[in-house]
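The values are calculated or read from the model by the stated rules, or taken from the named source; none is laboratory data. Note that this is a predicted model, so its numbers are computed, not measured. Don't worry about glycine lacking a Cβ; one is built from the backbone with ideal geometry, like all the others, and counts go over all protein chains shown. To get the accessible areas, we keep the full protein, side chains included, count just its heavy atoms, and leave off ligands, DNA and RNA. Shrake-Rupley method; radii C 1.70, N 1.55, O 1.52, S 1.80 Å.
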Amino acid sequence: MSAELSTTFTGLRFENPFLLSSAPPTESDSNIMRAFDAGWGGVVTKTIGLHPVVNVDGPKTKFMRANADSARLSMQKRAGAVLHSSWNWELISDKTLDWWVPRIRRIKEAFPNRVLIASIMAGSGNDKELRNWQTLAEACQDAGADGVELNFSCPHMDRKDMGSNIGKDEGLCSVVTEAVKEVATVPVWTKLTPATQDIVVEAAACFRGGADAIVSSNTFPALPIIDPETLEFEINVDGLVSSGGLGGPAILPLSLCNMARMCQAFPDRAFSGIGGVSDFAQALSYFLLGCGTVQVCTAAMLDHAVGPNVIRTLLAGFDQFVEKHAADGWKSLKDFRGARRDRMVLQSAIRRPDGDDYQGGYEMVEGYATPDRSAASV
Ligand SMILES: Cc1cc2nc3c(=O)[nH]c(=O)nc-3n(C[C@H](O)[C@H](O)[C@H](O)COP(=O)(O)O)c2cc1C
């Protein structure tokens, strides 16, 4: 049985449910077209804004790696270490809206059947800023973008009315989404920050504003490690650092937890999962919780910039998974999406062991000492 890879998400038909997320892999038309050639079902552009940005001096992203034989975690390149996470302090696209518009048009002319989502960002402090969101959305949809993704999640904006500062404020989430929905003729996705007390609150606010889907996660607020020899942050400019964002394998379980809570709260709504996906096993976790698409950044950056091997692995993994579950009648994502959505419950709803089996929680697993049975029997 061959897998049915195509899927419909927020009314858009995707050849497959795997997208490149808004980030360096999607910062130019040439990259985006290479990504479509490689097989990605969709691409979200690097976030487009109206305010010009200039990035910091030096590297904007680095990768943290862990040693297998010691506790060392470092951005320094070394043999045998495995990827732990990415860390970045890159701002939104440094290209103008005028630069993007003709390129969006050209990409869609070349790939009419692939989904191109324009990620956009403006402020939210006054009516002029709300109008900026509308200007961005209208320009991108008029150029042919299939949808817009509102960036309420960039973790390193100083402005109090931008990026993750919007995503931390349910009122702003709702107002900005509503402003974009007033002019949008295409689906509107909102990308939320994980740096909030209860992401379900902001998701609800976006849905109240009319959002067609929630996207999560952007990177988690993080600092690079301080080098114990030089006493300098592993990334710094003139010795200084600012809070940046952590992505990659380290954030997979964190992002899944947020996603599980939102998918349970809104089982009939659309969600796109991001965070730590590099092969099908990780994408599957998001699908089983209820996501209709997944997006990838860090793994693609490390794979020829647009992830040709990553998408190949994702597609092959999907095929193999469906083949393995042929007896269950699973042919396409809709057959298993959300199949584990209800498995996250309150701690008190988890079964406790029966009397004799109880070891006070000190079973011999990693992180605990061997149980002291003499003490237990006193
Ligand atoms: C260098 C870099 C730049 C990014 N730029 C953006 C951006 O412009 N807009 C956005 O919404 N997310 C941006 N992101 C976040 C990613 O799209 C993604 O949400 C995050 O990296 C988690 O996915 P991952 O674990 O696959 O990396 C960026 C991430 C990185 C590493």
| query | Taking the stated definitions as given, is T298 open to solvent by less than 20 Å² (accessible area, probe 1.4 Å) and either touching a Phe, Trp or Tyr at 6+ places or on another chain (Cβ under 9 Å) or within 16 Å of the ligand (Cβ to nearest atom) (or both)? | reply | yes
| task | Scan G11, G39, G49, G58 and give me the residue that is within 16 Å of the ligand (Cβ to nearest atom), on the phi > 0 side of the Ramachandran plot and out of contact with any Leu (no Cβ under 6 Å at 6 or more places or on another chain). | result | G58
| If we keep just the residues of the stretch 197-223 that are buried (at least 20 other Cβ atoms within 10 Å of the Cβ) and among the β-branched types (V, I, T), which is nearest to the ligand (Cβ to nearest atom)? | T219
| request: Please work out which one of (1) over 29 Å from A35 (Cα atoms); (2) out of contact with any helix residue (DSSP H, G or I) (no Cβ under 8 Å at 6 or more places or on another chain); (3) at pLDDT 95 or above is the condition S272 fails and give its number. | output: (1)
| task | Check the stretch 122-145 and report whether any residue there is touching a Pro at 6+ places or on another chain (Cβ under 6 Å) and either open to solvent by 20 Å² or more (accessible area, probe 1.4 Å) or not hydrophobic (A, V, I, L, M, F, W, C) (or both). | result | no
| Do you know which of the residues in the stretch 86-101 that are within 14 Å of the ligand (Cβ to nearest atom) and open to solvent by 20 Å² or more (accessible area, probe 1.4 Å) is nearest to the chain's Cα centre (by Cα)? | N88
| note | If we ask which residues in the stretch 273-290 are closer than 13 Å to S216 by Cβ and part of a helix (DSSP H, G or I), their number turns out to be 2
| Across the stretch 320-336, which residue is most open to solvent (accessible area, probe 1.4 Å) among those that are in contact with a helix residue (DSSP H, G or I) (Cβ under 9 Å, 6 or more places away or on another chain) and in a helix (DSSP H, G or I)? | Q320
